[in-house]
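Report on the following structure.
The values are calculated or read from the model by the stated rules, or taken from the named source; none is laboratory data. Note that this is a predicted model, so its numbers are computed, not measured. Neighbour counts are summed over all protein chains in view; Cβ atoms, including those assigned to glycine, are modelled from backbone coordinates with ideal geometry. To get the accessible areas, we keep the full protein, side chains included, count just its heavy atoms, and leave off ligands, DNA and RNA. Shrake-Rupley method; radii C 1.70, N 1.55, O 1.52, S 1.80 Å.
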Amino acid sequence: MDRALDAIFRPRSIAVVGASRDGRGIGHEILHNLIEFGFTGAIYPVNPKSASVHSIRCYPSLRDIPDPIDLAVVVVPRAAVPGVLDDAIAKQIKGLVVITAGFREVGGAGAAEEAVLQAKVRAAAIRVVGPNCMGVINTDPEFRMNATFAATRPERGSAGFMSQSGALGEVILAQAAEIGLGIAYFVSMGNKADISGNDLIEAWEDDPAVNVILMYLESFGNPEKFVRICRRVTRAKPILAVKSGRTAAGARAAFSHTGALAGSEAVVDTLFEQSGVLRVETMSDLFTLATAFAHQPLPRGNRVAILTNAGGPAIMATDACATLGLDVVELPAETQAALRSVLAPEASVRNPVDMVAAAGPEAYARALAILRDSPAIDALIVIFVSPIMINAVEVARSIIDGVRGARIPILSCFMGKEQGRQAVVDLRRAGIPVYAFPEGAARALAGLERYRRIRDRPEGRFASYDVDRERAGRIVKAAAAAGRADLSAEETSDLLAAYGLPLAPSRIVPTEEEAIAAAGVLGYPVVLKAVGPTLIHKSDRGAVTVDLRSAQEVGAAARAMRERLRAEPFRFQVQAMARGRETILGLARDPKFGAVLMFGLGGIFVEVMKDVVFRILPITDAEARDMIRAIRGYPLLAGVRGGPEVDEEFLVECLLRLAQLAADHPAIEQVDINPLIVGSERSTSCVVDARARLSPAVPA
Ligand code: ADP
Ligand code: MG
């Protein structure tokens with residue numbers, strides 16, 4: 001644990017300010033928990049109205065305590081908090097846990113009060129958890145501190161748990177106890193006036209007591225810092241998070257696809273993805289995964305064996321594994337033969353290994369001895385459905401002994417009742433996660449495997465290209481000075497060209513005759529477009545005609561366009577015809593998360609399938625490559641069914657160049673490159689359509 005937070009998590013003395021004597025208040029509850037959990041330091045109740053609380057001598061104020069105090073837990077009404085804070089400063093206390101509510105969460109005066117508190121504690125170098133929280137726990141035997149008012153007694157274990165909701169804290173502790181998930185630390189963060197989730201992650205990073213970090217989050221204080229810290233921490237320690245408060249995609253200006261698609265939810269998912277944090281959907285899933293992370297090693301791959309005494313649950317497990325990307329592999333012939341020699345003749349020795357209902361503890365022991373060290377599998381799910389004649393406790397014992405010291409993750413599913421309850425307790429105590437249904441085991445295993453992949457992914461590097469930053473800056477400035485947010489077609493092309501993005505050769509001309517002449521210069525086939533400030537989605541307006549092969553065709557297309565768009569101000573753009581896959585590259589800025597890059601298949605794919613991925617900037621080359629491979633339509637780029645394979649490195653470079661443009665010019669708010677047509681070589685790949693918009697706040 002980071003020394004900076006020692007006053008809070010490793011105190012030698014704790015004052016409980018606002019400990020009431022009547023045994024009902026929260027303060028009394030906290031005092032009770034501290035005593036009952038066996039806090040190893042000294043405890044000082046503070047209450048001006050009584051001489052003793054819970055049989056312990058009570059002090060009228062913090063200043064009256066004769067001994068030094070490390071941590072004060074504050075439970076007084078909000079109006080009394082400033083006075084307590086002054087006392088704490090005078091007493092040189094370095095840690096506060098403020099349980100008291102009525103601060104920022106109520107807005108108005110409460111928010112102002114919190115700002116004052118924040119400023120005061122920062123100035124005095126006091127660290128604070130809360131306000132508006134339910135307290136903190138450190139189960140380390142050296143401290144044994146339960147400074148919460150939760151009714152559940154925590155069990156020692158290796159999970160560091162932080163919760164942004166106080167109310168959920170109680171539920172979390174109860175559930176953890178219920179499923180045997182031990183806790184190293186629990187922190188109810190409350191309003192995070194001082195200590196944030198980021199602080200706790202950093203504190204637990206090098207703490208050997210914590211081997212998995214669990215978080216329930218409602219908001220991000222500093223997303224950029226979160227990504228930076230978690231990227232580092234998750235290389236060594238898994239972080240699992242439930243983020244609630246899913247919002248409808250913030251549909252913004254229809255100006256660009258990127259802007260419309262980059263709703264906050266997609267970006268939140270991206271944030272987790274980039275940070276290496278496993279986002280789980282529900283609290284129930286968080287616990288499902290947590291028990292596996294707390295006790296089991298990571299798999300080396302996705303090959304799973306299933307050992308069972310019943311067919312149905314094994315099929316469920318197989319289906320769940322397959323859906324989650326785990327491979328229920330065919331076992332090697334020698335493994336099958338070995339199993340055959342020790343199991344009953346009616347057993348099936350393929351995977352799932354079904355020993356049928358008559359299998360007892362001995363059968364489990366024999367099969368496990370063969371499977372647990374098999375190099376052909378990376379993980380094992382052991383299923384037991386309690387038949388009446390088999391003793392579940394003995395089976396559990398057999399499993400516990402059978403997998404001891406195994407180097408692969410082993411998860412179990414026990415279905416049944418009667419002695420089943422004790423069997424489950426025994427398994428959990430031995431560190432083998434137990435699930436009531438096979439899907440739980442499969443989900444937990446998939447979580448371990450997902451984390452292994454995250455941990456092992458290449459770190460990549462931040463690339464920087466030779467670009468013409470000044471030229472781009474001039475374009476942006478000129479448009480801003482003219483009071484225009486939307487860049488013209490020429491400006492957009494110039495901007496992208498300055499950053500080395502290749503544009504299809506093209507000419508913009510006012511008349512049909514000049515369009516025909518331009519086509520002659522560019523060489524056929526060409527594409528004819530009408531460009532103008534009102535023509536945002538050109539093809540919808542009949543302003544794009546592709547594959548024109550002669551002067552006659554260009555002339556006819558131009559006249560038809562002129563006819564269709566009589567009322568519009570526009571000019572003709574004649575462009576060389578490109579061939580390849582259409583991709584979309586986009587940039588948008590999220591008010592909370594900053595610059596966001598988008599990639600997907602362009603044209604109809606983005607409109608209909610919304611097959612796009614996002615990354616929050618900055619990104620490494622490895623992340624850019626990962627973006628490209630993450631879209632569902634990736635096989636179309638990699639070359640399916642003999643189709644051509646596109647130049648992926650070129651795409652990576654284009655994404656990084658766009659990212660560099662975004663970083664260099666904060667005034668550029670949105671860019672949509674749609675499409676960048678990419679072929680099998682960079683020489684045949686080019687941008688044929690793009691638009692860019694400056695942020696309205698740009699000073700002219
Ligand atoms: P908009 O997106 O405004 O409708 P585009 O310039 O993107 O206009 O053109 C629409 C579609 O026409 C593109 O998605 C692409 O399929 C095709 N297209 C446009 N220009 C070219 C070109 N130079 N080469 C090949 N196809 C093109
Ligand atoms: Mg387009």
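Backbone phi angles across the range 100-116, fed through the Karplus curve with coefficients 6.51, -1.76 and 1.60 (θ = phi - 60°), yield HN-Hα couplings of 3, 9, x, 9, 4, 5, 9, x, x, 4, x, 5, 5, 4, 5, 4, 5 Hz in residue order; Gly and Pro are listed as x.
Of the trypsin sites (Lys or Arg not before Pro) found in the range 154-225, not one falls in a DSSP loop while having at most 16 other beta-carbon atoms within 10 Å. If you take the square roots of the eigenvalues of the alpha-carbon gyration tensor of the chain and sort them as a ≥ b ≥ c, do you get rounded (a/c under 1.5), prolate (a/b over b/c) or oblate? Oblate is the answer for the chain, as a/c is 1.5 or above yet b/c matches or exceeds a/b. Surface composition of the range 581-694: carbon and sulfur atoms hold 53% of the protein heavy-atom accessible area at a 1.4 Å probe. Give the percent of DSSP beta bridges with both residues in the chain that are antiparallel, rounded to the nearest 5. Once the DSSP bridges in the chain are tallied, antiparallel ones form about 50 percent.
Over the range 505-576, accessible surface divided per residue gives 50 Å², non-protein components excluded, 1.4 Å probe. Here the range 13-32 is scanned for amide nitrogen atoms under 16 Å from the site 7 Å beyond the Cα of residue 63 along Cα-to-Cβ, giving none.
Accessible area per residue for the range 108-199, computed on protein heavy atoms with a 1.4 Å probe, is 30 Å². Taken as Cα centroids, the range 441-499 and the range 600-664 sit 11 Å apart, rounded to the nearest whole angstrom.
Rounded to the nearest 20, the size of the Cβ-charge dipole of the chain about its Cα centre is 680 debye, with Lys and Arg at +1 and Asp and Glu at -1. Rolled with a 1.4 Å probe across the full set of protein chains, the surface gives residue 537 an accessible area near 70 Å². For the set 477/610; 243/477; 49/94; 243/610, the pairs lying more than 29 angstrom apart at their alpha carbons are 477/610; 243/477. If you take the Cα centroid of the range 163-223 and the Cα centroid of the range 50-129, the two points sit 22 Å apart. Rounded to whole Å, give me the distance from the Cα center of the range 346-397 to that of the range 284-320. If we compute the Cα centre of each part, the gap is 14 Å. Phi angles across the range 643-655 convert, under the Karplus curve 6.51 cos²θ - 1.76 cosθ + 1.60 with θ = phi - 60°, into 3J(HN,Hα) values of x, x, 9, 7, 6, 5, 4, 5, 5, 4, 4, 4, 4 Hz, Gly and Pro given as x. Amide H to amide H distances under 5 Å link residue 58 with 52, 53, where only residues 5 or more positions off or on other chains count and H is placed in the peptide plane. The helix-only estimate of mean residue ellipticity at 222 nm for the chain, built from DSSP H runs of length n ≥ 4 each weighted as -39500 (n - 2.57), is -11500 deg cm²/dmol after division by the residue total. Proximity of backbone amide H atoms, modeled 1.01 Å from N, is registered between residue 595 and 590, 617 at under 5 Å, excluding neighbours fewer than 5 places apart on the same chain. Along the chain, counting only chymotrypsin sites (Phe, Trp or Tyr not before Pro) with a DSSP assignment other than H, G, I, E or B and at most 15 other Cβ atoms inside a 10 Å radius, the longest segment between sites is 1-461. Rounded to the nearest whole Hz, the Karplus-based 3J(HN,Hα) values (6.51 cos²θ - 1.76 cosθ + 1.60, θ = phi - 60°) of the range 221-229 follow the sequence x, 9, x, 5, 5, 4, 4, 4, 5, with x at glycine and proline.
Of the residues 380, 365, 349, the one whose Cα sits farthest toward the positive end of the charge dipole of the range 257-406, with +1 on the Cβ of Lys and Arg and -1 on the Cβ of Asp and Glu, is 365. Counting other Cβ atoms within 10 Å, which GluC sites (Glu not before Pro) in the range 634-693 have at most 15 and lie in a DSSP loop? Here the sparse-neighbourhood loop sites are 645, 681. Expressed as a whole percent, the accessible area of the range 297-456 that falls on carbon and sulfur atoms is 55 (1.4 Å probe).
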